[in-house]
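Undergrad: Got a structure here, written out as structure tokens. Questions coming.
No value in this document is a laboratory result; all are computed from the given coordinates. Because the structure is a prediction, the values reported are computed rather than measured. In this analysis, Cβ positions are derived from the backbone assuming ideal geometry, glycine residues included, and neighbour counts consider all displayed protein chains.
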Amino acid sequence: MLAIAAIAASACTSAGATASPTTNPTATATVAASASSSASASSSASASSSASASALATVPSSDLIKAGTLTVCSDTSYPPQEFLDANQKPTGSDVELINAIGQKLGLTVAVKTTDFNAIIPALTSGTCDIIISAQTITADRQKQVDMIPYFAAGQSFVVLKGNPDKIKTVDDLCGKTVAAEDGTVEAMHIGGTGDYKPADGLSQQCVAKGKQPITLKTFTADTDALLALQAGTVAAHFTDEPVAGYEVVNGAGKFEMVADLNLERGPEGISVGKNHTGLRDAVKAALDSMIADGSYLQLLTKWGIQSGAVTSTNP
């Protein structure tokens, strides 16, 4: 169990996890101490810099919970996109991106840790102004919020080193237990819920072929799903592609990704309330500006996830 705890610490709160990785996509978690301090203090740094920056666009005060502040909901258990550093401060590629957007808009950024399964209700109930949390854009989510494309990722499977269950295809998951974070598209994909029709669920596809269904085990935090894999209580962890790569690199040789089994690469979105069009348009303008000047790609490259870069905020 000490080994399990060590893996969790590496994924969530270790000093190593707070630093930025190299530009090698296969080594997304190789750390650099200089990035640790800047990422850990990203929210506070944006407060001072945004005050002096000339705003790219004006955000209506009615679109903000607090004037001058962009309040952000994020599930900070999803490295490398959002997680807590050794000082329990939000960091990650998504956190750095939203801080840069806030700076362009002349706003201080405040990140609130929010469970992923409750993150849209948190936005619509007025807990935050915006969400950035590796949310795959789906028709169901778009009915509730406006979503601005900012990244693209597929769905990947992480297994123990050596792949003891010999998982190479979806059929190899039939009859096995798979871990996923609650509320994610991966959990929906296995169960055939949300945007997936029951017949499209991976488990139901097993049954249709005369095989045993997949047993889905969900967790509040993605890092807890990884702990279950480490403990051997599940055969695989089903998660977003960047997260899977990060877990493998930070797993001290204990994990690997299933090669050639990446499903449904699609866009992730920054979510804004339906009635906050001024905020939505300002965020789009700021992100488009970052894409145009190269700072967006530079930020993703810093975290080793540049393969997921988008070229426009238009769907």
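Undergrad: Could you compute Rg(Cα) / (2.2 N^0.38 Å) for the stretch 211-295, with N its residue count?
TA: Compared with the compact-globule rule of thumb, the stretch 211-295 sits at 1.53.
Undergrad: Could you give me the ³J(HN,Hα) list for the stretch 101-118, computed from phi with Karplus coefficients 6.51, -1.76, 1.60 and θ = phi - 60°, whole Hz, x at Gly and Pro?
TA: 5, x, 5, 5, 9, x, 10, 6, 9, 10, 9, 10, 5, 9, 4, 4, 5, 10
Undergrad: Also, quick follow-up: With a Förster radius of 45 Å, plug the Cβ-Cβ distance of residue 281 and residue 208 into 1/(1 + (r/R0)^6) and report the FRET value to the nearest 0.05.
TA: The calculated FRET efficiency here is 0.50.
Undergrad: Here is a follow-up. How large is ³J(HN,Hα) for each residue in the stretch 239-253, as worked out from phi by the Karplus curve 6.51 cos²θ - 1.76 cosθ + 1.60 (θ = phi - 60°), to whole Hz, x for Gly and Pro?
TA: So the Karplus estimates, Gly and Pro as x, are 8, 5, 3, x, 5, 4, x, 5, 5, 5, 5, 8, x, 6, x Hz.
Undergrad: Next question. So who's got an amide H within less than 5 Å of the one on residue 270, skipping anything under 5 residues away but keeping other chains? H placed 1.01 Å off N, in plane.
TA: Amide H neighbours of residue 270: 148, 150.
Undergrad: Quick one: net charge around residue 152, please, counting Lys, Arg +1 and Asp, Glu -1 for every other residue with C-beta under 13 Å from its C-beta.
TA: That works out to -3.
Undergrad: Under the Karplus relation 6.51 cos²θ - 1.76 cosθ + 1.60, θ = phi - 60°, what is the ordered set of whole-Hz ³J(HN,Hα) values for the stretch 138-148, x standing for Gly and Pro?
TA: Values per residue, Gly and Pro as x: 10, 4, 5, 5, 5, 6, 9, 9, 8, 10, 9 Hz.
Undergrad: Still on this model: What ranking, highest mean first, results for peptides 188-196, 140-148, 71-79 when packing means the other Cβ atoms within 10 Å averaged over each residue?
TA: Going from most to least packed, we get 71-79, 188-196, 140-148.
Undergrad: Also: Once you place label points 7 Å from the Cα toward the Cβ at residue 127 and residue 144, how far apart are they in nm?
TA: Spacing of the two 7 Å Cα→Cβ label points: 1.1 nm.
Undergrad: Just how far, in whole angstrom, is the stretch 106-125 from the stretch 167-225 if you go by their alpha carbon centroids?
TA: Spelled out, the Cα-based centre of one part sits 27 Å from the other.
Undergrad: Further question: Let me check I have the definition right: for the stretch 155-227, take the eigenvalues of the Cα gyration tensor, multiply each by 5, take square roots. What are those semi-axes in whole Å, largest first?
TA: So the equivalent ellipsoid measures 19, 17, 9 Å along its semi-axes.
Undergrad: Hey, fewest Cβ within 10 Å first, where do 271, 312 land in order?
TA: Arranged by neighbour count, lowest to highest, 271, 312 become 312, 271.
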